[in-house]
Ligand SMILES: [Zn+2]
Ligand SMILES: [Zn+2]
């Protein structure tokens, strides 16, 4: 079991299993939503994830198509990336929110054609 929390601590969650893998997404929407060169998400089964506090503080934004991005409405921490309509069984959670570590393979890289210009050597 793993635990995580947002920057202000209002939102906390736990997961029942190790995430399946970590995805680094370099798309422009992830860059903006995370305020970073790319978003690192732990991809896990929806059924393994639950909020332990602050679920009512989680706001969501429909960034494109059926994709929903959620965040803490107090501190702005990015939390979920999900597409409940097309992939209800999967959930991507910002890895940086985890307060416990887990074993992970080398992350999968997505949309590397949009790698941030300020990270050219990365
Ligand atoms: Zn927060
Ligand atoms: Zn992305």
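Laid out as a table, the results:
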| read-out | value |
| --- | --- |
| Unmet requirement for residue 4, which otherwise passes all of (1) within 15 Å of ligand 2 (Cβ to nearest atom); (2) under 14 Å from the mean Cα position of the chain (by Cα); (3) more than 24 Å from residue 118 (Cα to Cα) | (1) |
| All positions within region 37-53 that are surrounded by fewer than 19 Cβ atoms within 10 Å (Cβ to Cβ) and farther than 28 Å from residue 115 by Cα | 46, 47, 48, 50, 51, 52, 53 |
| Conditions (1) more than 16 Å from ligand 1 (Cβ to nearest atom); (2) on the phi > 0 side of the Ramachandran plot; (3) touching a residue at least 60 places away in the same chain (Cβ under 8 Å); number of the one not met by residue 65 | (3) |
| In region 94-122, residue nearest to residue 71 (Cα to Cα) [restricted to those that are in a strand (DSSP E or B) and within 14 Å of ligand 2 (Cβ to nearest atom)] | 94 |
| Which listed residue is touching a helix residue (DSSP H, G or I) at 6+ places or on another chain (Cβ under 8 Å), more than 16 Å from ligand 1 (Cβ to nearest atom) and touching a residue at least 12 places away in the same chain (Cβ under 8 Å), from 114, 2 | 114 |
| Checklist (1) within 16 Å of ligand 1 (Cβ to nearest atom); (2) part of a loop (DSSP other than H, G, I, E, B); (3) surrounded by 16 or more Cβ atoms within 10 Å (Cβ to Cβ) applied to residue 75, failing item | (3) |
| Hits in region 73-100 - residues which are touching a residue at least 40 places away in the same chain (Cβ under 8 Å) and more than 12 Å from the chain's Cα centre (by Cα) | 74, 75, 76, 88, 89, 99, 100 |
| Those residues of region 5-32 which are assigned to a helix (DSSP H, G or I), in contact (Cβ under 8 Å) with a residue 24 or more places away in the chain and surrounded by fewer than 20 Cβ atoms within 10 Å (Cβ to Cβ), in sequence order | 28, 29, 31 |
| Test for residue 59: is it part of a strand (DSSP E or B), away from ligand 1 (no atom under 16 Å from the Cβ) and touching a strand residue (DSSP E or B) at 6+ places or on another chain (Cβ under 7 Å) | no |
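We did not get these values from a lab; they are worked out from the coordinates using the rules stated. On a predicted model such as this, the values are computed, not experimentally measured, just so you know. Here Cβ is always computed from backbone atoms with ideal geometry, including for glycine, and neighbour counts include all displayed protein chains.
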